[in-house]
Amino acid sequence: EKLNNEEMSGLILAKEGERYNSILIDKSTDALTYAAGAKGYAFAEVRPRANRDREKHTVGLTYTITEGPRVYVERINISGNLRTLDRVIRRQMELVEGDAFNKVLLDKSEKNIRGLQYFSKVDVSQDPGSSEDRTVVNVNVQEQSTGSLSLSFGFSSVDSAIIGVSLTERNFLGRGLQLGTSVSLSKRQQLIQFQYTDPYFLGRDQASFDSRTTGFGVRFGFPLSDKSRFLMRYQLRQEEILNVAAGASLAVKSAEGRDLRSVVGYDYYLDLRNDPIEPTSGWDFLFSQDFAGLGGTVKYLSTSLLVHGYYEVAEDVVFTQRFDL
C-alpha cells in the first residue's frame, strides 16, 4: 500500500502563515513516521528540511519520507519473564510471525501486555531481520508481584468480633490464572469463599467486548412504620461497549456504542418476620421499580418483587421459601 500524499499532508501540524515552531515540526515528524509504520513501512524515515528566505523572513518546510520495503515480522523474542509463561504474553500480541508489520498493532500489543499488570516494566523494540523486508520484534518485561494479602477486623453488636482474611493471586503459576480465597469468621457465621478464573479457557479469550461505565448516584430512605421502609434513588451513568470481537453475539454487536442512562427508582420493604436475625416464622417483602428516560438515550421500566417466607418445622430447623419475580 503506497503512502497517500494528501493523507500524510493532513498530519502536518505547522500551517502556512503561522509562526515557526520547532515543537510542532517534531510532532509532525513523529505523526508521519507513525502513519508510515501503520501502512507497513517499519523503517520509513521522515526528514523535515527547512528552506529559509531571509528577505521575506519566512521558512519553507519540506518533509521527505523515504519509503523502505514492506516489512514482515520474522520473529518475536520475549525476555525477562522469569515466572510468566511465554504463551501468556504472546496471546496479548496483535502480531504473529509472518504477519505484515503494522505499527498500530505493535503499539496495541504493548498496551495489552501492560494491561495485564503482571509487569512493572514493558519495553517493545525492533531490530532488522535476516533481510531488508524482515523485522524482529523484541519484548522485554520485568516481573512484579501479582499477589495480595488483606486482613480485616471489625466488631458487630450481633456477631461480636469479625475477622477476615483475603488472599488473591492474578497470575497463578505464571499461567495467567486468577485465584482468590477469603475467610470471614465471627461468633454466628463462618464464611469461606474460593474463586478461580481462566480468562483464556480452552485457549480462547472469554471476553468478547470491553465495557466502560462512568457516572454517579444518590439515594435516601426513611421508615414508614416500625415494619416498613421506603427508599428513593437516582443514578446517571454513561455506558460504553467497545472493542467488540468479530465472533461476538448479535446482541453484543447491536449494543456496541455509547448510551446515557438517567434512572429514577424506589424500593418498598415490609418485614413481618418474628426475628430480624434468626427468623423462624413470618415473611418479608421487597418491591422495586426503576424508570429510565428522564433524559438520556435509554428508556425502560423495570419491576422486581422478592418475598421470603419462614416456617419452623422442628427445633432449630427452619424451612425457607423464596418467590422472585
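The values are calculated or read from the model by the stated rules, or taken from the named source; none is laboratory data. A quick note: this is a predicted structure, and the numbers were derived from the prediction, not measured. Backbone-built Cβ (ideal geometry, glycine too); neighbour counts: all protein chains shown. Side chains included, ligands, DNA and RNA excluded: accessible areas come from the protein's heavy atoms. Shrake-Rupley method; radii C 1.70, N 1.55, O 1.52, S 1.80 Å.
Annotations
- Of all residues in segment 83-127, those satisfying the criterion of being outside any loop (DSSP other than H, G, I, E, B) and in contact with a Gly (Cβ under 6 Å, 6 or more places away or on another chain) are Val88, Ala100, Lys103.
One line per residue, one yes/no per condition, for (1) touching a residue at least 12 places away in the same chain (Cβ under 8 Å); (2) within 25 Å of the chain's Cα centre (by Cα):
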site: Thr214; (1), (2): yes, yes
site: Gly221; (1), (2): yes, no
site: Ser254; (1), (2): no, yes
site: Ile277; (1), (2): yes, no
site: Gly309; (1), (2): yes, no
site: Val317; (1), (2): no, no
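- Pair list, Cβ under 7 Å, 6 or more apart: segment 49-77 residue in contact (Cβ under 8 Å) with a residue 60 or more places away in the chain, other residue open to solvent by 90 Å² or more (accessible area, probe 1.4 Å) and among the acidic types (Asp, Glu): Pro69/Glu132
- Positions within segment 159-184 being farther than 28 Å from Glu94 by Cβ and exposed (fewer than 12 other Cβ atoms within 10 Å of the Cβ), in sequence order: Ser160, Ala161
- Scope segment 58-82; condition among the β-branched types (Val, Ile, Thr) and either farther than 18 Å from Ala42 by Cα or part of a loop (DSSP other than H, G, I, E, B) (or both); matching residues: Thr58, Val59, Thr62, Val71, Ile78
- Verdict on Arg273 being modelled with pLDDT of 90 or more, assigned to a loop (DSSP other than H, G, I, E, B) and under 30 Å from Lys187 (Cβ atoms): yes
- In this entry, Ile192 passes the filter for residues that are modelled with pLDDT under 90, exposed (fewer than 14 other Cβ atoms within 10 Å of the Cβ) and among the β-branched types (Val, Ile, Thr).
- Candidates Thr320, Thr303: the one that is polar (S, T, N, Q), exposed (fewer than 14 other Cβ atoms within 10 Å of the Cβ), touching a Gly at 6+ places or on another chain (Cβ under 8 Å) and in a strand (DSSP E or B) is Thr320.
- Filter result (outside any loop (DSSP other than H, G, I, E, B), modelled with pLDDT of 85 or more and acidic (Asp, Glu)) within segment 30-56: Asp53
- Consider segment 256-269 and keep the residues that are surrounded by fewer than 16 Cβ atoms within 10 Å (Cβ to Cβ) and either over 34 Å from the mean Cα position of the chain (by Cα) or closer than 22 Å to Ile241 by Cα (or both). The one that is modelled with the highest pLDDT is Tyr268.
- Residue in segment 11-29 that is among the aliphatic types (A, V, I, L, M), within 30 Å of Thr146 (Cα to Cα), open to solvent by 40 Å² or more (accessible area, probe 1.4 Å) and part of a loop (DSSP other than H, G, I, E, B) present: no
- Screening Phe153 with (1) at pLDDT 75 or above; (2) outside any strand (DSSP E or B); (3) loosely packed, with under 11 Cβ neighbours inside 10 Å gives one miss only, at (2).
Rundown of residues vs (1) in contact with a Cys (Cβ under 7 Å, 6 or more places away or on another chain); (2) open to solvent by 70 Å² or more (accessible area, probe 1.4 Å); (3) of a type in the set (S, T, N, Q), yes/no style:
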position: Phe43; (1), (2), (3): no, yes, no
position: Tyr63; (1), (2), (3): no, no, no
position: Glu67; (1), (2), (3): no, yes, no
position: Arg70; (1), (2), (3): no, yes, no
position: Asn81; (1), (2), (3): no, no, yes
position: Asp86; (1), (2), (3): no, no, no
position: Asp99; (1), (2), (3): no, no, no
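- Of residues in segment 1-10 being touching a residue at least 24 places away in the same chain (Cβ under 8 Å) and part of a helix (DSSP H, G or I), the one nearest to Asp133 (Cα to Cα): Met8
- Residue within segment 120-132 that is polar (S, T, N, Q) and open to solvent by less than 40 Å² (accessible area, probe 1.4 Å) present: no
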